[in-house]
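A.B. asks: The structure is given below, and queries will be raised subsequently.
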Amino acid sequence: MAKASKQENTVEPKAEKAAREPAKPKVPVINIPRSVGVRQLADLLQVDSIQIIKQLMRNGIMANINQIIDYDTAAPIITGLGFQPHLQPLKEKQLATAAEESKKLKKLYTAEAENLQPRPPVVTVMGHVNHGKTKLLDAIRQTNVVDSEAGGITQHIGAYQATISGQKITFLDTPGHEAFTAMRAHGANITDITILVVAADDGVMPQTIEAINHARAAEVPIVVAINKIDKENANVNLVKQQLADAGLVLEEWGGQTVGVEISAKEKIGIPELLESVLLVAEMEELKANPNQPAAGVVIEAEMDKNRGPLATVLIQTGTLKEGDTVVVGRTWGRVRAMFNDIGKRIKKADPSTPAEVLGLNSVPFVGDTLRAVTDERHAQALVARNIAEAEKSAARGEKSVNLNTLYDQISAGKMKELNVILKTDVQGSIEPIRGQLEQLATEEVKVRIIHAATGNISESDVMLATASRGLIIGFNVTADEGARRLASARTVDIRFYDVIYTLADDINKALKGMLEPTFVEVIDGTAEVRAVFPAAKGAKVVGVYVTDGKVTRNVPVRVRRGKELLADSTVSSLKRFKDDAKEVAAGYECGIGVKDFNDFAVGDTLEFYRMEKSG
Ligand code: GDP
């Protein structure tokens with residue numbers, strides 16, 4: 001076992017420690033920074049690095065000796081080796097280095113106009129399921145991929161480039177607005193243009209509308225591809241009419257939206273579609289300065305068994321070169337090798353190019369930004385700062401809006417628009433609510449409904465709310481369980497109403513800072529009914545399996561059968577075997593009685609919740 005006592009500077013002074021925890025046996029305290037190299041950690045603990053690597057492996061992390069790990073990863077390892085971890089604040093010098101570096105970078109990236117050069121557009125494909133998004137991406141790839149030297153064998157790296165008339169277009173290879181919006185939720189606005197695929201035999205469907213709203217929320221121009229025109233029952237005119245009804249009037253009908261009729265299957269209209277994309281791109285004047293250190297966004301990341309951490313990065317400005325030192329979110333490294341979309345090794349990647357990057361110390365997150373920096377010292381300082389900032393903004397819950405704190409944000413000048421996602425039970429409620437809300441605009445802030453549809457609140461709605469820092473309003477609807485959980489994790493505010501007046505009144509008060517604090521619901525656990533038993537006085541109790549979280553005594557509970565709500569009551573009894581229990585956690589079975597409710601069936605779900613003051 002290691003001895004850490006020699007390391008004077010890493011051990012807390014004895015007197016202080018004794019004062020804080022007098023009775024406990026002495027465990028050496030190890031001060032470590034927010035990010036620490038495996039080798040450095042081994043030195044601090046005076047153990048062999050291999051011991052650290054083994055412990056990390058046990059925790060499912062493949063690391064090498066040069067790997068940088070963050071405090072949260074290091075802490076259990078340190079505890080496991082018999083020490084007590086303590087987070088060391090950033091040193092002033094480190095902060096200064098990080099600040100200096102980030103200032104330098106910021107200056108670099110706000111390039112002067114004369115240094116800007118045109119760059120290829122970055123395109124996402126969206127649309128309703130089965131309308132042909134994947135088929136279209138495949139068709140474009142087969143016919144237009146830049147270099148077919150590798151025999152047309154493409155590998156999946158999350159993006160690819162096509163050429164038409166000698167010009168490049170970058171396609172993000174994960175279709176669907178979920179991916180698009182998830183990227184935005186991570187803070188990455190990388191799409192320049194979106195292709196909206198609508199099948200001519202099926203027409204505009206709910207996800208078509210959702211895609212339109214997601215693109216609008218991101219202010220990304222839409223090119224419509226009316227697909228499957230080879231099919232006998234294709235009705236192109238009907239689609240155009242439906243698109244116009246959804247606010248997308250095609251150019252040929254006097255509108256502004258570019259639309260092309262295609263068949264992804266028969267490869268009809270593909271060149272015309274790509275030409276249209278280039279046309280829209282030209283109007284957008286997409287530019288970047290290739291002659292500077294690279295900046296980009298991670299679009300895919302994984303741990304490769306043989307090659308180590310792999311990240312596909314979309315370069316946004318500058319040029320990434322082999323050998324560059326880069327900071328990527330909470331990790332860093334040196335670009336050991338780069339590959340393009342057809343698996344060919346490349347020495348550099350310029351703006352709008354997707355490149356698979358090898359050589360990072362650990363796997364970054366999708367949506368993390370990449371920055372090329374001057375050297376390792378700067379890289380480490382920036383990583384430490386990125387981690388500290390992520391922690392700070394997580395603690396502030398910065399991404400979300402909350403009706404209770406809305407006024408503060410408006411007053412601080414941080415909010416000019418209140419984005420609202422509205423879900424209602426019937427179509428007829430949408431317009432009256434929209435009308436009421438849009439009237440509420442004040443001088444400081446506008447109310448903008450970025451998505452309105454019928455149906456329960458879904459995960460996709462929560463993602464859109466996260467991405468656009470919006471608020472969700474449910475009118476006579478509920479939220480799916482997944483949506484509730486995601487909203488709670490992302491601190492997205494969901495409000496439920498059944499009277500339009502109350503809804504408008506609340507928003508009005510919130511805009512003016514007059515809203516009384518409200519209580520929001522926090523779901524603590526869920527359980528599934530496995531058996532129903534008779535109890536005293538004709539009552540019933542159920543044997544349940546706690547599937548998530550926990551259940552405690554006397555908490556509010558909702559009983560659901562599928563989507564139907566059967567009861568909203570409280571837990572009247574909670575037993576493990578024959579004994580009363582205070583709390584039962586996920587993974588255990590228990591017996592439960594619900595106050596004033598007996599009509600249980602096997603398969604029902606119980607949802608345990610609590611009301612907490614919000615904001
Ligand atoms: P996605 O869910 O939007 O990605 O849709 P897919 O690309 O998987 O396509 C759904 C189905 O429609 C598949 O069976 C495709 O072969 C078919 N499909 C896609 N495009 C066309 C087309 O232009 N014409 C016809 N006839 N079928 C198509």
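A.B. asks: Just checking, which of T143, T154, T110 is within 16 Å of the ligand (Cβ to nearest atom) and at pLDDT below 90?
C.D. replies: T143
A.B. asks: Looking at (1) at pLDDT 80 or above; (2) under 27 Å from G367 (Cβ atoms); (3) touching a strand residue (DSSP E or B) at 6+ places or on another chain (Cβ under 7 Å), which one does T466 not meet, given that it meets all the others?
C.D. replies: Checking T466 against (1) at pLDDT 80 or above; (2) under 27 Å from G367 (Cβ atoms); (3) touching a strand residue (DSSP E or B) at 6+ places or on another chain (Cβ under 7 Å), the one that fails is (3).
A.B. asks: Being surrounded by fewer than 20 Cβ atoms within 10 Å (Cβ to Cβ), at pLDDT 95 or above and away from the ligand (no atom under 16 Å from the Cβ) is the requirement here; does N233 meet it?
C.D. replies: no
A.B. asks: Filter region 175-230 down to residues that are within 11 Å of the ligand (Cβ to nearest atom) and free of Cβ contacts under 8 Å to residues at least 40 places away in the same chain and give me whichever is surrounded by the most Cβ atoms within 10 Å (Cβ to Cβ).
C.D. replies: Among those that are within 11 Å of the ligand (Cβ to nearest atom) and free of Cβ contacts under 8 Å to residues at least 40 places away in the same chain, it is I226.
A.B. asks: If you take the residues in region 561-593 that are in contact (Cβ under 8 Å) with a residue 40 or more places away in the chain and among the basic types (K, R), which one is farthest from A479 (Cα to Cα)?
C.D. replies: Ranking the qualifying residues of region 561-593, first place goes to R561.
A.B. asks: If you go through region 431-446, how many residues are among the β-branched types (V, I, T) and under 16 Å from G470 (Cβ atoms)?
C.D. replies: Counting residues in region 431-446 that are among the β-branched types (V, I, T) and under 16 Å from G470 (Cβ atoms) gives 2.
For every residue, the table says whether it meets (1) within 15 Å of T424 (Cβ to Cβ); (2) basic (K, R).
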site: A467; (1), (2): no, no
site: G482; (1), (2): no, no
site: D493; (1), (2): no, no
site: F496; (1), (2): yes, no
site: I500; (1), (2): yes, no
site: K509; (1), (2): no, yes
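A.B. asks: Turning to a different aspect of this structure: Which of the numbered conditions does V542 fail, given that it passes all the others? Conditions: (1) modelled with pLDDT under 90; (2) in contact with a strand residue (DSSP E or B) (Cβ under 8 Å, 6 or more places away or on another chain).
C.D. replies: (1)
A.B. asks: How many residues, within region 442-454, are open to solvent by 30 Å² or more (accessible area, probe 1.4 Å) and touching a strand residue (DSSP E or B) at 6+ places or on another chain (Cβ under 6 Å)?
C.D. replies: Number satisfying all stated conditions: 3.
A.B. asks: Keeping to region 481-499, report how many residues are open to solvent by 50 Å² or more (accessible area, probe 1.4 Å) and not in a strand (DSSP E or B).
C.D. replies: 8
A.B. asks: Further, regarding this structure: Have a look at T317, T353 and point out the one that is hydroxyl-bearing (S, T, Y), closer than 23 Å to I164 by Cα and at pLDDT 95 or above.
C.D. replies: Answer to the selection: T353.
A.B. asks: For I299, are the conditions met, namely being within 16 Å of the ligand (Cβ to nearest atom), closer than 23 Å to D173 by Cβ and β-branched (V, I, T)?
C.D. replies: Spelling it out, it is not the case that I299 is within 16 Å of the ligand (Cβ to nearest atom), closer than 23 Å to D173 by Cβ and β-branched (V, I, T).
A.B. asks: For residues that are within 28 Å of the chain's Cα centre (by Cα) and part of a strand (DSSP E or B), scanning just region 37-87, find the one that is modelled with the highest pLDDT.
C.D. replies: Of everything passing the filter in region 37-87, G37 is modelled with the highest pLDDT.
A.B. asks: Something else now. If I ask for residues that are closer than 18 Å to G538 by Cβ and either of a type in the set (V, I, T) or open to solvent by less than 30 Å² (accessible area, probe 1.4 Å) (or both), which ones from region 557-599 would you list?
C.D. replies: Hits for region 557-599 are V559, A567, S569, G591, I592, G593, V594, F597.
A.B. asks: Those residues that are surrounded by 15 or more Cβ atoms within 10 Å (Cβ to Cβ), modelled with pLDDT under 80 and under 23 Å from the mean Cα position of the chain (by Cα), I need them from region 406-431; list them, please.
C.D. replies: Across region 406-431, the qualifying residues are L406, Q409, M415.
A.B. asks: In region 339-372, how many residues are without any contact (Cβ under 8 Å) to a residue 40 or more places away in the chain and crowded, with 24+ Cβ neighbours inside 10 Å?
C.D. replies: Of the residues in that region, 0 qualify.
Let's see how each residue does on (1) buried (at least 16 other Cβ atoms within 10 Å of the Cβ); (2) away from the ligand (no atom under 16 Å from the Cβ); (3) in contact (Cβ under 8 Å) with a residue 12 or more places away in the chain:
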position	(1), (2), (3)
G254	no, yes, no
V260	yes, no, yes
A264	yes, no, yes
S276	yes, yes, yes
K287	no, yes, yes
A294	yes, yes, yes
A311	yes, yes, yes
T325	yes, yes, yes
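A.B. asks: Something else now. Considering only region 533-545, state which residues are hydrophobic (A, V, I, L, M, F, W, C) and more than 22 Å from E481 (Cβ to Cβ).
C.D. replies: Scanning region 533-545 gives F533, A535, A536, A539, V541.
A.B. asks: Where residues in region 189-229 are of a type in the set (S, T, N, Q) and not in a strand (DSSP E or B), which of them is farthest from G132 (Cα to Cα)?
C.D. replies: N189
A.B. asks: Let me ask something else. So if I check each of D604, D506, D599, D580, which one is within 30 Å of V401 (Cα to Cα) and not hydrophobic (A, V, I, L, M, F, W, C)?
C.D. replies: Result of the check over D604, D506, D599, D580: D506.
A.B. asks: Do you know which residues across region 236-248 are surrounded by fewer than 17 Cβ atoms within 10 Å (Cβ to Cβ), hydrophobic (A, V, I, L, M, F, W, C) and away from the ligand (no atom under 16 Å from the Cβ)?
C.D. replies: L238, A244, A246
The values are calculated or read from the model by the stated rules, or taken from the named source; none is laboratory data. Predicted model only: the values in this text are computed from it and were never measured. Cβ atoms come from the backbone with ideal geometry, glycine included; neighbour counts cover every protein chain shown. Each accessible area value is taken on the protein alone, full model and side chains, heavy atoms only, with ligands, DNA and RNA left out. Shrake-Rupley method; radii C 1.70, N 1.55, O 1.52, S 1.80 Å.
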